[in-house]
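Trainee: Quick one: this structure, given as structure tokens, is what I'll be asking you about.
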Amino acid sequence: MTPELLAPAGCWESLRAAVANGADAVYFGVEVLNARLRAENFQAADLPEVMEWLHRRGVRGFLTVNVLLFPSELEAAGELVLQAAAAGVDALIVQDIGLARLARQLAPGLALHGSTQMSITSAAGVAQAAELGCERVVLARELTLKDFSRLRQQLDQRGCAMPLEVFVHGALCVAYSGQCLTSEALGQRSANRGECAQACRLPYQLIVDGVERDLGEQRYLLSPQDLAAWELLPDLADVGIASLKIEGRLKDASYVAAVTQAYRQGLDALAAPATPAQAASPAHRLQPKPPGGAQTGNQPLDRDQLRRRLELSFSRGLGTGWLQGVDHQQLVHGRWSKKRGPWVGRLDRIEAGGWLVLPAGQPLKAGDGLVLEGAGNDPLQAPQEVGGRVMALQTRAGGLVALQLGPGRVDLAGLKRGSPCWLTSDPQLESQLQKLAQAPAPERQQALDLRVSGALGMPLLLEVAALAGTPGGPWRVASATPLEAASGAGLDRQRLEQQLGRLGGTPWQLGQLAIDLNAGLFLPVAQLNALRRQLVELLAEAHQAGQKPPGAEASVRPANPGAGAGATPGEPGRHQQIASALGALLPRAGAPRPQNPADAGWEAPAEPGVEPTLTVLVRSLEQLEALLEQPIHRVVVDLEHPNQLRQAVAMGRGRWAGGLWLAGQRICRPDERWSLEPLLRAQPDGYLVRNADQLERLSLEAPCIGDFSLNVANPLTAAWLLQRWGLERITASYDLALDQLLELVAGCPPGRVELTLHQHMPLFHMEHCLFCAFLSEGHDHSDCGRPCEQHQVLLRDRSGTDHPLRADLGCRNTLFNGKAQTGAEAIPQLLRAGLRHYRIELLQDNAADAQRRVELYGQALAGQRSGRQVWQQEQLDSRLGVTRGSLNRRGG
């Protein structure tokens, strides 16, 4: 089966461009609760119009609600779910577990797709999404074609026939989606809330063992090339991928048109029938078929034309990302991070008169735009750019061209031999793409299957058997006069199809016609025409009333249409419905909370007789040894080397009332279930679990606490994880500011929330290994020489802060914030709110630092030292979660 082509739409222009150029479905957001708040987006009030426009063209529409929900937003999220269901949205794309539960409760017929923000990398992750009601999942971008095959086999073994969706084109995040906290830590804007500040696109300096490493032109160490998987379409189809997704809700309509058309042509080529000789040639599978059918009427492009078009539409360099396997040398070249076009070459020389001599690496003509990079002495600043239009062009010997830039004088002082050059603009192509973006998107007639039945002396009954292959409902009409005996030709198939098939000017065309009539019956042609018109009017009226006729791809309505469909936000019936759904999903959390849980006069119920407990997470045996005599509740050991786990458990066994627990890696890929075995063999007292595989396996063996990576931001998510997996507690999401954290605690049973009070925020969590990419010639763990075990690496940002880089068991890298942050100053409010379980996380602390910090936090929890004294003495950042950014704020 040919995969679905799913295109982005950040505005009406992009939506039209996607549909006109062959998208099977589009995804878009509204003004709230989506991960692209900087896009123009639609309004929730636009949903009926958007979905009607799409469905009239046979295209599905998916609404992105792919952010974490704060407790105060649950009711607004419920409103949006009901609006989406009433408007006929085909699916919600969700990240938040709590939102998935709420949507399933409010609108059980509304399809859910698990977002890539769910960090789904394994069969356990897919199974968890299925249990939450998802009908499709968008896999993490870091998976490979081999991973897809392995994952499909594992899902088959589980009996889970989940359709899989993958990104095939557009920007790549260097960090796992849903696991990046950089924007929050450095810019007070959460990527899990649609406000990514794109810190990965900034320059960084590599510090190796305390010494600045000269990387030449490489300064954008965390900025991947863009993904382009056009040539891998046959492989993606072969491994059973159901939907191919194009990234780009922040990009313009010309980009959407160009990329959608390119992938439409590729998919049409896969679907085209092949002769035996062609089938024997793999190259045939991506030869575009002639225009027509699903094509847009544009001539198909050859590979070179296609690449040029895609690079000029938007490109930071194009590659296949992770799809063909791990290659750390290819993913991030490090030389630029902004939009560039096709590569031209390096400057050979500058001749008198301002003539630039370059290789003829691209066909150039007058009017084309070029940019060259000049000298840049500061590795943390972008290099100088010199650009302009080609005003004159000459051919030189040796495959070189000479050109002059303008209009007007262009300062070439910063250029030198070897300066890189790109083609950034082709006005002729831009005009073509603009026309492509403005191409009409005609309505597409859907197949209308009909049935006629009747008997002599009875009316002829005409009814919808199915619309677009979906069983129909009571959509039927009867003739005004009864059937008569025919004196001549009766109602045969030819006459019935001829009259009933006259559906021009309607959204439908006659599909199959089932006839249940005896021979020799007659009805006047005028009566047949009247029946056809009546049925069309009946379907049109139902459509106008918002009751999608069966098979319209969007016949999805709330569980209680009387309370939801057609209601406006805030209407009493809808409000009651949402309140009822929340009540059914939430456990009783004790005493009612006040409107403002941060009210200093309110104290939440806490565990009877439970004093505040302090857990310490250590990342070395040295730190563990330093804590052996410390009066703390529990130690969690998080080590890079699995062979040290048993030693750690032996050292800490019986030392603390809460025991010694272990933590594993944050991500588990389809071939990494083995990573759980060292944890199991070590037999600790419990586990800090970080992903679906660990939930599924480790929760069967010992007590578990869910870590921050499970993204618990509201009580609905917390309740599901606590109940489904029997967790002792959950760790509050790092996206929560103090007021939101207090709301989470108020909405959960006493004692079931743990807070990380002190930590170096984990910024980027990456499959990409900087140790391999910049400290070796290798491509992956098999040939890199493991520089991560030999060197200490920091990344220095533009502010001069050095951020430590660590590699885990799976060779994934985490870049930690160079400055630790603390919530110590909020301890009095947290204690009043009933929060009793706290954790501090060590990173590169030596034994003395570890002991001192444990003592300080113990004193702060006991009320013997103020939080202000703690952060001032330790020179820490005093804050919890984001400090600004809200539901309605658009990030810059």
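The values are calculated or read from the model by the stated rules, or taken from the named source; none is laboratory data. Just so we're clear, the structure is a prediction, and the values are computed from it rather than from any experiment. Please note: Cβ atoms are built from the backbone with ideal geometry, for glycine as well, and neighbour counts cover all protein chains shown. Only protein heavy atoms, including side chains, enter the accessible area calculation; ligands, DNA and RNA are left aside. Shrake-Rupley method; radii C 1.70, N 1.55, O 1.52, S 1.80 Å.
Trainee: Taking a ≥ b ≥ c as the square roots of the Cα gyration tensor eigenvalues, with a/c under 1.5 meaning rounded and otherwise prolate when a/b beats b/c, else oblate, which class fits the chain?
Mentor: Verdict is oblate for the chain.
Trainee: Residues with amide H under 5 Å of Glu754's amide H, sequence separation 5 or more or different chain, H placed in the peptide plane at 1.01 Å from N; which?
Mentor: Amide H to amide H, under 5 Å and 5 or more residues apart or across chains, Glu754 pairs with Ile730, Thr731, Ala732.
Trainee: Rounded to whole Hz and in sequence order, give me ³J(HN,Hα) for region 196-201 from the Karplus expression 6.51 cos²θ - 1.76 cosθ + 1.60, θ = phi - 60°, writing x for Gly and Pro.
Mentor: Along region 196-201, the couplings run 4, 8, 6, 5, 5, 8 Hz.
Trainee: Now a separate question. Using a 1.4 Å probe, how large is the accessible area of His575, given in Å² and rounded to the nearest 10?
Mentor: Estimated to the nearest 10 Å², His575 gives 80 Å².
Trainee: At 1.4 Å probe size, what's the solvent-accessible area of Glu696? Round to the nearest 10 Å².
Mentor: 40 Å²
Trainee: I would also like to ask the following. From the cross-link list Lys339/Lys416; Lys146/Lys245; Lys338/Lys416; Lys146/Lys339; Lys365/Lys435; Lys251/Lys365, which pairs have alpha carbons spaced over 24 Å apart?
Mentor: In this structure, Lys146/Lys339; Lys251/Lys365 lie more than 24 Å apart at Cα.
Trainee: A further question follows. Where nothing but the Cβ of Lys and Arg (+1) and of Asp and Glu (-1) is charged, how large is the charge dipole of the chain around its Cα centre, in debye to the nearest 20?
Mentor: The dipole of the chain has a size of about 1060 debye.
Trainee: Further, regarding this structure: So, counting K/R as plus one and D/E as minus one, what does the shell of residues with Cβ under 14 Å around Glu855 add up to?
Mentor: Summing Lys and Arg as +1 and Asp and Glu as -1 gives -1.
Trainee: Still on this structure: Tally up the carbon and sulfur contribution to the accessible surface of the chain as a whole percent, 1.4 Å probe, everything protein left in place.
Mentor: The computed percentage sits at 48.
Trainee: Any number yet on Rg/Rh for region 752-892, C-alpha, Kirkwood?
Mentor: In region 752-892, Rg relative to Rh is 1.05.
Trainee: Sticking with this structure for a sec: How many Å² of accessible area per residue for region 433-511, probe 1.4 Å?
Mentor: On a per-residue basis, 53 Å².
Trainee: Now for a separate question. So what does log10 I(q)/I(0) come out to for region 352-411 at q = 0.12, 0.18, 0.23, 0.25 Å⁻¹, using the Debye formula with one equal point on every Cα and no solvent?
Mentor: Calculated log10 I(q)/I(0) at the listed q: -0.33, -0.67, -0.95, -1.05.
Trainee: How big, on average over all directions, is the shadow cast by the Cα convex hull of region 84-194, in nm²?
Mentor: Average of the hull's projected areas for region 84-194 equals 8.0 nm².
Trainee: Additional query: Using the Karplus equation 6.51 cos²θ - 1.76 cosθ + 1.60 (θ = phi - 60°), what ³J(HN,Hα) coupling, rounded to whole Hz, does each residue of region 218-231 give in order, writing x for Gly and Pro?
Mentor: Along region 218-231, the couplings run 7, 9, 9, 6, 10, 10, x, 5, 6, 8, 9, 10, 4, 6 Hz.
Trainee: Name the residues whose placed amide hydrogens come within less than 5 Å of the amide hydrogen of Leu521, ignoring near sequence neighbours (fewer than 5 apart) on the same chain.
Mentor: Answer set, sorted by chain and number: Ala486, Leu491.
Trainee: Tell me, what is the 1.4 Å probe accessible area of Ile632, in Å² to the nearest 10?
Mentor: My reading of the accessible area for Ile632 is about 20 Å².
Trainee: Can you give me the relative contact order of the chain as a percent, contacts being Cα pairs under 8 Å and 6 or more apart?
Mentor: Relative contact order for the chain comes out at 15 percent.
Trainee: What percent antiparallel are the DSSP beta bridges of region 737-892, to the nearest 5?
Mentor: Within region 737-892, antiparallel bridges account for around 70 percent of the total.
Trainee: If you average over every viewing direction, what projected area does the convex hull of the Cα atoms of region 303-377 give, in nm²?
Mentor: Convex hull of Cα atoms, orientation-averaged projection: 7.1 nm².
Trainee: Follow-up question, since we're still on this one. Kindly report the accessible area of region 636-763 per residue (heavy atoms of protein chains, probe 1.4 Å, no ligands, DNA or RNA), in Å².
Mentor: With the other protein chains kept in place, region 636-763 gives 29 Å² per residue.
Trainee: Okay, next question. Please work out whether region 397-439 counts as rounded, prolate or oblate from its C-alpha gyration tensor, where a ≥ b ≥ c are the square roots of the eigenvalues and a/c under 1.5 means rounded, while otherwise a/b larger than b/c means prolate and anything else oblate?
Mentor: prolate
Trainee: Of Gly823, Ala773, Ala237, which is farthest towards the positive pole of the chain's charge dipole, taken about the Cα centre with +1 and -1 on the beta-carbons of Lys, Arg and Asp, Glu respectively?
Mentor: Working it through, the farthest residue towards the positive pole turns out to be Ala237.
Trainee: Over region 1-142, average the accessible area per residue using a 1.4 Å probe and give it in Å², no decimals.
Mentor: 22 Å²
Trainee: Another one. Assigning unit charges at the beta carbon (Lys, Arg +1; Asp, Glu -1) and nothing else, what dipole magnitude in debye, to the nearest 20, does region 682-798 show about its Cα centre?
Mentor: Magnitude of the dipole: close to 220 debye.
Trainee: Could I ask something else about it? So who's got an amide H within less than 5 Å of the one on Ile93, skipping anything under 5 residues away but keeping other chains? H placed 1.01 Å off N, in plane.
Mentor: So Ile93 has HN proximity to Leu63, Thr64, Val65, His113.
Trainee: Here is a further query. How large is log10 I(q)/I(0) at q = 0.29 Å⁻¹ when the Debye formula is applied to the Cα atoms of region 54-94, each weighted equally and without solvent?
Mentor: The Debye formula, applied to the Cα set alone, gives -1.03.
Trainee: Assigning unit charges at the beta carbon (Lys, Arg +1; Asp, Glu -1) and nothing else, what dipole magnitude in debye, to the nearest 20, does region 1-151 show about its Cα centre?
Mentor: 440 debye
Trainee: Right, here's the next one. Would you compute, from DSSP H runs of 4+ residues alone, the mean residue ellipticity of the chain at 222 nm, taking -39500 (n - 2.57) per run and dividing by the full residue count, rounded to the nearest 500?
Mentor: Result for the chain: -8000 deg cm²/dmol, rounded to the nearest 500.
Trainee: Where a ≥ b ≥ c are the square roots of the eigenvalues of the C-alpha gyration tensor, would you call region 672-810 rounded, which needs a/c under 1.5, or, failing that, prolate if a/b is larger than b/c, or oblate?
Mentor: The shape class here is oblate.
Trainee: Follow-up. Could you please report the charge total around Tyr204, scoring K, R as +1 and D, E as -1 over all other residues with beta-carbon less than 9 angstrom from its beta-carbon?
Mentor: Net local charge, Tyr204 excluded: +2.
Trainee: Just from the alpha-carbon atoms, what are the Rg and Dmax of region 304-461 in angstroms?
Mentor: Gyration radius and largest Cα-Cα distance of region 304-461: 25.6, 98 Å.
Trainee: Using the Karplus curve 6.51 cos²θ - 1.76 cosθ + 1.60 with θ = phi - 60°, what ³J(HN,Hα) values do you get for each residue of region 802-807, in whole Hz, with x for Gly and Pro?
Mentor: 9, 10, x, 10, 10, 10
Trainee: Can you tally the net charge around Leu400? Count Lys and Arg as +1, Asp and Glu as -1, for every other residue whose Cβ sits under 14 Å from the Cβ of Leu400.
Mentor: The answer is +2.
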